[in-house]
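Everything below concerns the one structure shown next.
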Amino acid sequence: MSETAIQLESVRKDFGDFTALSEVSFEISDNEFFTLLGPSGCGKTTLLRLIAGFLNTTGGTIRLFGEEIEALPPNKRPINTVFQNYALFPHMTVRDNIGFGLSMLGWSRSDVATRVDEMVSMVKLDQFAERRPSQLSGGQQQRVALARAMAPKPKVLLLDEPLSALDLKLRQEMRLELKRLQNETGITFIFVTHDQEEALSMSDRIAVMSAGKVQQIGSAVDIYEFPENRFVAGFIGETNLIEAEVIDASADALTCQLVNGAVLTARSLHEITKGQKGWVSIRPERMTLSKTKPKGNSLSGTLTGATYLGTDNQYAVGLTDDLSLNVRHQNRTSVGAAMTTGEPVHISIADNAARFLVD
Amino acid sequence: MAANIGTGRAVSSTFAPLRIWLLLPGWLSIGFFLLIPVLLMLVYSFLTKEFRGGVIWEPTLAAYDQFFFDRGLFGDDPRRIEWKYISIFWRSIWQAGGATLLCLIIGFPTAFFIATRPDRTKVIWLLLVTVPYWVNLLIRTVSMKFLIRDNGPMNDFLQYIGLINEPLQLINTNIAVQIGLFYSYLPFMVLPIFAAVERYNFTLSEAASDLYADKWTILRRIVIPVVSPGIFAGCILVFVPSLGAFLAPDLLGGAKSFMIGSLIEEQFKGNIGNWPFGAASSMILLSLVLVALFFYARAQSQGERA
Amino acid sequence: MNRGVDLRRYFGFFPMTLLCLFILYAPLIIVTVYSLNDSRSITSWEGISLRWYAEIFTGPESEKFRKAAWNSLTIAVMAATTATIIATAAAIGMIRGGSFRGKSASFALISLPIMVPEIVTAVATLIFFSAIGFKLGTLSILVAHIVFCIPFAYMPINARLQGIDASYEEAAHDLYASRWQIFWHVMMPIMSPGIISGFLLAFIISLDDFIITNFVKGAGVETLPTAIFGSVKQGIKPNIMALSTLLLLLSILLVTASYFVGQRREKPVPTNQKPETEA
């Protein structure tokens, strides 16, 4: 494992009576692409601004390569930010924008020029170096913002929803671009987003945040396959949550009785004892509908709705009057399986697809 | 604000710690050279007058007494209400109100017209309306006097085209003062109404039209209520300075159109002055203005809530 | 939209606008025209001449006007400069100071000179100066002008700063600039149109002032407005019309200049703007 770049210890931030962050502790290693993911208002931007130095913590410690940085103002921290709206200085050219941090650090004119040239070609803006930000497209402005923040070779680069202002196609291009820049430079990236696809596609690790707390930290596979709790299960992708109680717990599987009386086997990340109440989470794409009862984990109910979604067909299956599951089938053939609403159906659940969540 | 707190974007840390030092020069200069002087003026209004200007530090209500009551030549008659000064104030309110109304009648259509021009021509119209505001008020008032005096160009012209036989005697009348005030502050009426109409969403007019309202009904029932904060602002911006105006009544008016401004000014000129009385009159004028501003603020905040 | 019913057009509004402009300009144009009148009398027209303009610079009153103009100009420059500096600092403190106790009281204090009627400000200032024994003269005029110019300089600067995203400062701070460097390299250039209009407004307001100056000027000191007023009290003379025309042209020149300054400076980049072209 490489060196720890950022270490957060019980970090807390209050705004008056409002607690924006409580007890946030985790570490980010050097060279990592780390993402803070969560809905708006979850505290992810606050955390980023604490690391950048625009806000002061209410409690706890932030360390950068082992050193406490709390007392340092933003201009004394070797950390740079790519702002959500880019914040490119409108009265300066692309060159002057990129060179700004270097001049402030006291670099000589020629050194600044060399470094700026390097950055300009790194983000492929060679022909646009003498333009003003207002003469650039959104994607180009984005590149200037990146180059400006990376020019001083920061130890950590903070990116505050940098892609949110771009349209879909450009956003997808920039994801690859960001990943490439991170690989090339080896700078630790801390990326803030509310877009799960962005988070899943780029990050080494993701911290899912909600209500001022970190809910789970892990790789894309970890948080999708083994969500820590209902929030994570619901926020990343889609899921079905059914209230359940553990009636038997063996070493590798839990036998759960669902609220409608049906029994399933599920897994959990944690040690669970018999009698524990909680929820079973099953992803819609991990279930298959059939007219005959399948072997293994299965449920039965009535087909109450079918929606054609292009790549998928989505089915609603009622288990009881007030308990319904979503099931997705990929449209492999042009004609969907002949199912009519009102018919009784069986749901087969893939091995290892059901998760038991305590909260 | 509350919405921003969650994202931590509410406060820029860069200059917030310095705000005391940034604000201090402004606080000190205005506090020391205006707020304290106004308070001192309040104190002076309760002091005894010194002949030849200035005051004697003996507390008395004489200035306010002189303003509201008449005690005869020797000051020992039974109290009667003194109408002389009250009527000067009353006339000032009336004159300022009249000027405000004139400004509104001319200013609203102008502001509306300019605000509905295409962007390119809009700035030119706006510039045309604002340029006179930048011209020295004294010069504008003198120009107006020159224009409307008894044998001035306006009368010459009106006689030439045969509209009148005798010159209109406007100078030294209340009408001349009202014209002068109107002319002084007209741009103040146009600008806020312009800003309000520019923000007005014309889809509202279309919706009203769709619901069978005719154009003038739309203007009366939709446009004017929606832009009313701008109209109020314009009225206040014209009324308040008109109330205490000095140049227009002094240059265009006569003895019968004497206003507060001239009354106050007289108390501080030469040896006939009476400083406590001038201070008291100023305090009464200031209170009138504060009342107007209070009603304005209340109307604006109600407008926001609605 | 239906061409037949243009809801933005009202019958009579255009003529009203023309009437409004006519009223605003007629007196100014008439005075300009009559300033070129060769006649000694202001009522009869005797052909075009520039004699009254020459009279301002060489006539018997020229010395008085020259002194008054010099006073007006120096006071206006100094008052506007000081007021603009104070107002710029105050605007940054108000807009970038976050929320703090006494913010609305601060705002009320800064706008006090606009809310108090000029004649009341004049009286209060005179009383104050006489109470503390401040000698009336050029300095007392300057102090009074600075105070009432502050809110006029403040308004455009404040409006400009409100439109500037705080992330520019944060970006500069993040890129190793100190507060002073942030102010100098980032805020000043972006705020400059507001600062220039604030200065010009304060300058004109100071140059324009009659009432307050008249109260606090003391004996023997004149500015252009008080000199003109004194002269006009004895009747409007042609040389006053020439002088007025010159001042009028100066004002128009300044407004036009400030207008073009506002136009030339580009507005801050609207944030989150969508791309128009993508290379």
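The values are calculated or read from the model by the stated rules, or taken from the named source; none is laboratory data. It should be emphasised that the depicted structure is a prediction, and the values quoted were computed from it without experimental measurement. Every residue, glycine among them, receives a Cβ derived from its backbone with ideal geometry; neighbour counts consider all protein chains shown. With ligands, DNA and RNA removed, areas are computed over all heavy atoms of the protein, side chains included. Shrake-Rupley method; radii C 1.70, N 1.55, O 1.52, S 1.80 Å.
Table for the structure above
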| read-out | value |
| --- | --- |
| Among the residues listed as C:Phe203, C:Phe215, C:Phe210, the single one being open to solvent by less than 40 Å² (accessible area, probe 1.4 Å), more than 20 Å from the chain's Cα centre (by Cα) and modelled with pLDDT of 90 or more | C:Phe215 |
| Elements of type helices (runs of 4 or more DSSP H) contained in region B:54-142, each with 1 or more residues being farther than 21 Å from B:Ile236 by Cα and more than 28 Å from the chain's Cα centre (by Cα) | B:62-68, B:119-134 |
| Helices (runs of 4 or more DSSP H) contained entirely in region B:193-306, each with at least 3 residues that are closer than 30 Å to B:Ile139 by Cα and facing chain C (nearest Cβ under 8 Å) | B:224-243, B:260-266, B:275-305 |
| Residue match in region C:126-138 (condition: surrounded by 24 or more Cβ atoms within 10 Å (Cβ to Cβ) and not in a helix (DSSP H, G or I)) | no |
| Which listed residue, of C:Ala26, C:Ala83, C:Ala68, is open to solvent by less than 30 Å² (accessible area, probe 1.4 Å), assigned to a helix (DSSP H, G or I) and touching a Ser or Thr at 6+ places or on another chain (Cβ under 6 Å) | C:Ala68 |
| Residue under evaluation C:Gln162, criteria (1) over 19 Å from the mean Cα position of the chain (by Cα); (2) within 14 Å of chain A (Cβ to nearest Cβ); (3) open to solvent by 10 Å² or more (accessible area, probe 1.4 Å), criterion not met | (2) |
| Candidates C:Arg96, C:Arg179 - the one that is touching a Phe, Trp or Tyr at 6+ places or on another chain (Cβ under 8 Å), open to solvent by 30 Å² or more (accessible area, probe 1.4 Å), under 30 Å from A:Phe100 (Cβ atoms) and at the interface with chain B (Cβ under 10 Å from one of its Cβ atoms) | C:Arg179 |
| Residues of region B:72-82 that turn out to be in contact with a strand residue (DSSP E or B) (Cβ under 8 Å, 6 or more places away or on another chain) and either of a type in the set (Phe, Trp, Tyr) or open to solvent by less than 100 Å² (accessible area, probe 1.4 Å) (or both), as a count | 3 |
| Region A:161-183, subset among the polar types (S, T, N, Q) and out of contact with any strand residue (DSSP E or B) (no Cβ under 6 Å at 6 or more places or on another chain), residue most open to solvent (accessible area, probe 1.4 Å) | A:Asn183 |
| Top-ranked residue in region C:30-40 [being among the aliphatic types (A, V, I, L, M) and surrounded by 15 or more Cβ atoms within 10 Å (Cβ to Cβ); ranked as farthest from the chain's Cα centre (by Cα)] | C:Leu36 |
| Residue within region A:85-102 that is in a helix (DSSP H, G or I) and surrounded by fewer than 23 Cβ atoms within 10 Å (Cβ to Cβ) present | yes |
| Candidate set: region B:94-113, residues that are farther than 11 Å from B:Phe182 by Cα, within 7 Å of another protein chain (Cβ to nearest Cβ) and of a type in the set (A, V, I, L, M, F, W, C); chosen: the one least open to solvent (accessible area, probe 1.4 Å) | B:Phe112 |
| Test: A:Thr45 is within 16 Å of the chain's Cα centre (by Cα), part of a helix (DSSP H, G or I) and β-branched (Val, Ile, Thr) | yes |
| Matching entry among C:Thr43, C:Thr58 (being at the interface with chain B (Cβ under 7 Å from one of its Cβ atoms), modelled with pLDDT under 90 and open to solvent by 50 Å² or more (accessible area, probe 1.4 Å)) | C:Thr43 |
| Any chance C:Thr256 is open to solvent by less than 10 Å² (accessible area, probe 1.4 Å) and not hydrophobic (A, V, I, L, M, F, W, C) | no |
| Flag if A:Asn56 is in contact with a strand residue (DSSP E or B) (Cβ under 7 Å, 6 or more places away or on another chain) and either in a loop (DSSP other than H, G, I, E, B) or surrounded by 15 or more Cβ atoms within 10 Å (Cβ to Cβ) (or both) | no |
| Some residue of region A:66-79 being open to solvent by 10 Å² or more (accessible area, probe 1.4 Å), within 14 Å of chain B (Cβ to nearest Cβ) and either farther than 25 Å from A:Leu102 by Cα or of a type in the set (Val, Ile, Thr) (or both) | no |
| Unmet criterion (only one of (1) under 25 Å from A:Pro152 (Cα atoms); (2) charged (D, E, K, R); (3) surrounded by 15 or more Cβ atoms within 10 Å (Cβ to Cβ)) for A:Glu198 | (1) |
| Qualifying residue in region C:114-134 (condition: in contact with a helix residue (DSSP H, G or I) (Cβ under 7 Å, 6 or more places away or on another chain) and charged (D, E, K, R)) | yes |
| Subset of region C:194-252 (residues that are more than 10 Å from chain B (Cβ to nearest Cβ) and β-branched (Val, Ile, Thr)) | C:Ile195, C:Ile196, C:Ile212, C:Thr213, C:Val216, C:Val221, C:Thr223 |
| Subset of region B:153-196 (residues that are touching a Cys at 6+ places or on another chain (Cβ under 6 Å) and either over 20 Å from C:Ile30 (Cα atoms) or surrounded by fewer than 21 Cβ atoms within 10 Å (Cβ to Cβ) (or both)) | B:Met189 |
| Region A:138-153, residues that are more than 9 Å from chain C (Cβ to nearest Cβ) and either surrounded by 20 or more Cβ atoms within 10 Å (Cβ to Cβ) or at pLDDT below 90 (or both) | A:Gln142, A:Arg143, A:Val144, A:Leu146, A:Ala147, A:Met150 |
| Only listed residue being touching a Gly at 6+ places or on another chain (Cβ under 6 Å), within 11 Å of chain B (Cβ to nearest Cβ) and on the phi < 0 side of the Ramachandran plot, chosen from C:Ile30, C:Ile110 | C:Ile110 |
| B:Phe46 within 14 Å of chain C (Cβ to nearest Cβ), open to solvent by 30 Å² or more (accessible area, probe 1.4 Å), closer than 26 Å to B:Met259 by Cβ and of a type outside the set (S, T, N, Q) | yes |
